[in-house]
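One structure is given here, and the rest of the page talks about it.
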Amino acid sequence: MKRRRNAFTLVELLVVIGIIALLISMLLPALNKAREQAKRAACASNIRQIGQLWHMYANDHKGFFPDHGIGFGNWTLLTPDLREIFITKYKFQTGRIFYCATWNAGYYGEPDYLWNNPRTDTTPHTYTLGYSMYMSQGQVFGLSSTQQWNISLGNNLPPLVKNSDKRSAEIPLMFDETNLYGPPYYGTITYAFSTHYSRGPEPDGGNALFGDGHAEWRPFSNMINVVNYPNSFERFY
């Protein structure tokens with residue numbers, strides 16, 4: 001009478017483990033891609049809500065989008081007066097929509113902390129957001145906002161000032177942080193602090209919100225360089 005075998009041999013176990021490892025290696029890229037797509041979608045949802053906020057503000061201010069004549073408000077710095085309006089009038093209490101799901105909290109700080117604690121190195125104190133705001137700077141140094149913007153950035157893409165601007169479908173109001181840093185701002189040249197940077201030499205891309213309210217994802221190869229101080233500081237949308 002033959003003895004019944006109740007256990008796997010070592011070789012059989014190793015084969016099973018090898019098959020499982022192979023399946024995991026095949027599935028992980030797909031899972032990571034799906035996770036990244038979900039984060040992009042959440043980020044796009046945030047930025048669309050901000051677009052609604054910007055248009056509500058414009059409707060209450062004779063068509064003018066948020067503007068900072070004191071020189072702040074562009075990029076990621078929000079002034080206390082606008083933050084107070086967003087909280088009290090438009091009920092954006094937590095500020096969570098101002099930070100993408102892939103926000104680099106390890107470098108910049110946690111969203112809840114940043115929304116509730118102003119920077120003390122600016123006058124007035126400002127709040128760091130997770131998206132780049134493409135705002136007019138108003139009457140700075142006695143120049144019009146368009147003149148001041150072009151002088152400060154050296155580009156030919158002045159931001160939208162009013163919701164009636166015919167360029168609204170072409171000009172961004174806000175976009176993901178997609179930046180290159182280098183000396184003197186950072187020790188080496190890197191894109192690593194961009195919102196949608198995973199690995200490799202460049203970011204994956206970014207979401208952009210336009211003046212007509214639509215948002216779109218752009219792969220990095222299709223992005224436009226809106227600030228270009230080569231190998232020092234560059235910003236894209």
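Data for the structure
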{"read-out": "Sole exception among (1) farther than 29 Å from GLN52 by Cα; (2) in contact with a helix residue (DSSP H, G or I) (Cβ under 8 Å, 6 or more places away or on another chain) for PRO201, by number", "value": "(2)"}
{"read-out": "Residue within segment 64-72 that is surrounded by 13 or more Cβ atoms within 10 Å (Cβ to Cβ), assigned to a loop (DSSP other than H, G, I, E, B) and modelled with pLDDT of 75 or more present", "value": "yes"}
{"read-out": "Close pairs (8 angstrom Cβ cut-off, 6 or more residues apart or separate chains): closer than 20 Å to ARG48 by Cα and surrounded by fewer than 20 Cβ atoms within 10 Å (Cβ to Cβ) in segment 118-147, among the acidic types (Asp, Glu) and modelled with pLDDT of 65 or more anywhere", "value": "none"}
{"read-out": "Count - residues of segment 74-106 that are surrounded by fewer than 19 Cβ atoms within 10 Å (Cβ to Cβ), among the aromatic types (Phe, Trp, Tyr) and in a loop (DSSP other than H, G, I, E, B)", "value": "2"}
{"read-out": "Any hit, segment 185-194, residues being farther than 25 Å from GLU36 by Cβ, in a strand (DSSP E or B) and either acidic (Asp, Glu) or touching a residue at least 24 places away in the same chain (Cβ under 8 Å) (or both)", "value": "no"}
{"read-out": "Candidate set from segment 119-144 (those that are among the polar types (S, T, N, Q) and touching a helix residue (DSSP H, G or I) at 6+ places or on another chain (Cβ under 8 Å)); member that is modelled with the lowest pLDDT", "value": "GLN139"}
{"read-out": "Residue count for segment 100-118, restricted to those that are at pLDDT 85 or above and out of contact with any Cys (no Cβ under 9 Å at 6 or more places or on another chain)", "value": "9"}
{"read-out": "Single unsatisfied condition, VAL227 versus (1) in contact (Cβ under 8 Å) with a residue 24 or more places away in the chain; (2) touching a strand residue (DSSP E or B) at 6+ places or on another chain (Cβ under 9 Å); (3) part of a loop (DSSP other than H, G, I, E, B)", "value": "(3)"}
{"read-out": "Those residues of segment 203-223 which are over 16 Å from ALA42 (Cβ atoms) and touching a residue at least 24 places away in the same chain (Cβ under 8 Å), in sequence order", "value": "PRO203, PHE210, GLY211, ASP212, GLY213, HIS214, PHE220, MET223"}
{"read-out": "Residue that is surrounded by the most Cβ atoms within 10 Å (Cβ to Cβ) [pool: residues in segment 158-176 that are in contact (Cβ under 8 Å) with a residue 60 or more places away in the chain and touching a Gly at 6+ places or on another chain (Cβ under 7 Å)]", "value": "ASP176"}
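The values are calculated or read from the model by the stated rules, or taken from the named source; none is laboratory data. Keep in mind it's a predicted model, so treat the numbers as computed, not measured. Cβ sites come from the backbone with ideal geometry, for glycine too, and all protein chains shown count toward neighbours.
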